[in-house]
Amino acid sequence: LYGIPGDFDVVVIGGGPAGATLSALLSERGRRVLVLDRERFPRYHIGESLIPGFMRPMEELKLLDRLEQRGFEKKHGGTLVWGAQKIPWGFSFIEGGPYSYSYHVRRADLDSMILDRSRELGTHVIEEATVKEAIEEDGRVVGVRYTIRGSEEVQEARAKLVVDASGQARVLGRKLTNVNWHEDMRNVAVWTYFDNAARLPGDEYTNILIEGLEGGWFWGIPIDKGTMSVGYVTASAAAAASDDSLEELFRTQLARSTQLKELLQNARQSSGFRSARDWSYTCDQFYGPGWALVGDAAAFVDPLFSTGVALATLAGSALSKIVDKVLEHPEIEEPALERYATAYRAFFEEIREFVGKFYDRTKYKEFYWEQAQTIVDPSRERDPREDFVTLVSGLSGRHPLFNISVDDLLAERAAATPVGA
Ligand code: FAD
């Protein structure tokens with residue numbers, strides 16, 4: 001049955017958090033969805049510390065119990081060595097509600113769990129299937145061409161809509177739109193894992209540690225018993241100008257840290273180094289005739305606040321609602337996808353703006369709280385500290401992304417259609 005041209009409602013490129021969430025929620029509504037991913041799951045991915053905004057789409061997917069049962073480490077907040085004050089400061093998600101925690105995860109496990117849920121709801125998933133290009137007809141994307149690992153035969157999958165959720169590979173975005181690099185966030189990251197790492201004390205036991213140094217910053221993520229993911233992020237230009245390799249840079253900077261060094265005193269590095277250019281970017285367009293972008297394929301913001309997976313899954317959920325309506329009412333495709341793009345962009349830009357402000361490390365924590373308030377609560381109704389936590393939780397409630405709807409568009413069209421037409 002599957003693979004017959006025109007058989008699918010939606011083809012999704014990539015089964016990461018964005019593609020898996022989107023496809024799951026569409027399949028649940030009875031849509032015929034194909035996900036193609038070039039990897040075989042479980043597959044490694046960086047991005048292990050999640051913010052509470054991620055819990056909202058997981059609740060929609062009815063995955064909260066499974067997340068709990070899987071025993072992922074619960075993340076209640078963050079501890080920062082950041083800004084002008086010398087002593088560490090922090091925050092607890094409970095101050096920003098409504099979700100008081102999220103998780104630190106091994107992405108191989110988490111991503112498989114979401115993709116399995118999508119399968120369970122009816123999505124047809126083909127792994128080790130690399131999408132090569134879009135099929136375009138009369139200016140519209142009508143499907144994709146892909147190959148299966150080990151074979152050179154090019155296959156076609158056609159659908160009413162194609163969604164690019166291929167992460168930083170940006171399979172469709174690369175060809176169909178331009179990318180804007182955020183010049184102030186041209187960073188590079190190098191990371192590894194340590195066993196037998198100590199934890200922060202008391203209530204901070206499962207917090208992510210973010211430690212700023214003169215030339216960059218470290219993350220310390222307690223993934224599970226004794227294992228800590230440790231990464232160093234610095235400006236690409238600074239790394240390129242240094243005589244040190246990224247690994248040497250990691251080691252010399254780690255020796256300069258205070259909190260992190262202490263946690264790793266008796267720890268042992270348990271894997272090699274990995275690195276990624278994590279330059280932030282936004283695509284010019286998030287959609288076009290027959291196609292849309294979601295997750296990192298649309299935009300990526302520096303990992304300072306661990307927002308990537310929450311953004312990807314929240315946007316996947318929002319897009320599923322839009323696509324569902326577009327499949328039923330193809331005449332609203334353009335304004336409906338525009339609504340999604342506007343909402344997603346606004347949410348993304350809010351986070352990006354704040355991360356930009358947070359990178360100024362000459363300020364005291366009250367400055368960062370006030371900056372958060374200017375963004376999420378300009379009428380200053382709440383304590384700015386709460387606004388800060390809400391923002392870094394990915395839960396700033398002002399966003400149409402959270403309750404996106406095109407009912408008004410449909411009502412307008414219905415009202416404009418002459419009776420009997
Ligand atoms: P991905 O998870 O990248 O999934 C894309 C999928 O598409 C992959 O499975 C891939 O195999 C598939 N694919 C790619 N090309 C093709 C193709 N041609 N054909 C078929 N399939 C294809 N986020 C957090 O939330 N917390 C963090 O702590 C965090 N830390 C980070 C640290 C670093 C250094 C970096 C670079 C990122 C970090 N992120 C973090 C961001 C996070 O990793 C991403 O935002 C998240 O994975 C985006 O999900 P996605 O589904 O859009 O893309």
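No lab work stands behind these numbers, since they all come straight from the coordinates. Quantities reported herein were computed from a predicted structural model and do not represent experimental measurements. No Cβ is skipped: glycine too gets one built from the backbone with ideal geometry, and neighbour counts run over all protein chains shown.
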**Item:** Rg/Rg_globular for the range 262-379, with Rg_globular taken as 2.2 N^0.38 Å and Rg from C-alpha atoms
**Value:** 1.38
**Message:** Averaging over every viewing direction, what projected area does the convex hull of the Cα atoms of the range 300-341 cover, in nm²?
**Reply:** 3.0
**Karplus-derived HN-Hα couplings along the range 206-214 (A = 6.51, B = -1.76, C = 1.60, θ = phi - 60°), whole Hz, x at Gly and Pro** = 10, 5, 6, 9, 10, 10, x, 10, 4
**Asked** Do the sum for the chain: with -39,500 (n - 2.57) for every DSSP H run of n ≥ 4, divided by all residues, what is the mean residue ellipticity at 222 nm, to the nearest 500 deg cm²/dmol?
**Response** -10500 deg cm²/dmol
**Asked** Can you flag which of K74/K357; K75/K365; K175/K321; K74/K261; K75/K357 are past 32 Å Cα-Cα?
**Response** none
**Message:** What does the net charge come to around G16 if you take all other residues with beta carbon closer than 13 Å to its beta carbon, with K and R at +1 and D and E at -1?
**Reply:** -2
**Complete:** Over all pairs of different Cα atoms in the range 205-257, the reciprocal of the mean inverse distance gives a Kirkwood radius in Å of 11.8
**Prompt:** By the scheme Lys and Arg +1, Asp and Glu -1, what is the net charge of all other residues having a beta-carbon under 12 Å from that of S379?
**Reply:** 0
**Prompt:** For K86 and R119, FRET efficiency with R0 = 56 Å and r from the beta-carbon atoms, rounded to 0.05?
**Reply:** 0.65
**Request:** Kindly list the residues of the range 319-345 that lie in the label zone of R413, defined by a backbone N under 17 Å from the point 7 Å along the Cα-to-C-beta vector.
**Result:** 320-341
**Asked** Can you give the three extents of the C-alpha atoms in the range 180-236 along their principal axes, from longest to shortest, in whole Å?
**Response** 40, 22, 21
**Asked** Any idea how far apart I148 and E381 come out in nm if each label point goes 7 Å out from Cα toward Cβ?
**Response** 5.6
**Complete:** Answer check: the range 7-47, Cα atoms, Kirkwood Rh, Rg/Rh ratio of 1.01
**Complete:** For N196, placing the label point 7 angstrom along Cα-to-beta-carbon and taking the range 225-263, residues whose amide nitrogen sits under 19 Å are 225-230, 255, 260-263
**Asked** Taking the alpha-carbon set of the range 275-335, what are its Rg and Dmax in Å?
**Response** 13.7, 45
**Asked** Scanning the chain for helices, which whole DSSP H stretches are 27 Å or more long along the axis (Cα) and average 0.5 or more by Kyte-Doolittle?
**Response** 308-328
**Prompt:** Kirkwood hydrodynamic radius of the chain from all distinct Cα pairs, in Å?
**Reply:** 22.3
**Asked** Using Cα-only point scatterers and the Debye equation, what is log10 of I(q)/I(0) for the range 201-350 at each q in 0.10, 0.14, 0.16 Å⁻¹, rounded to two decimals?
**Response** -0.51, -0.81, -0.92
**Request:** Please work out how much length the chain gains when fully extended from A237 to N180, using 0.36 nm per residue of separation minus the C-alpha to C-alpha distance, in nm with one decimal.
**Result:** 18.7 nm
**Request:** Please report how far the C-alpha centroid of the range 213-259 lies from that of the range 351-383, rounded to the nearest whole angstrom.
**Result:** 25
**Request:** Report the local net charge at A297: Lys and Arg +1, Asp and Glu -1, summed over other residues whose C-beta lies under 10 Å from its C-beta.
**Result:** 0
**Asked** If we restrict to alpha carbons, what Rg and Dmax does the range 18-113 come to, in Å?
**Response** 16.3, 55
**Selection of trypsin sites (Lys or Arg not before Pro), the range 318-397, meeting DSSP coil and at most 15 other Cβ within 10 Å** = R361, R380, R382
**Request:** Return, ordered by residue number, the residues of the range 329-373 whose backbone nitrogen is under 20 Å from a label point located 7 Å along Cα→Cβ of I46.
**Result:** 352, 355-356, 359
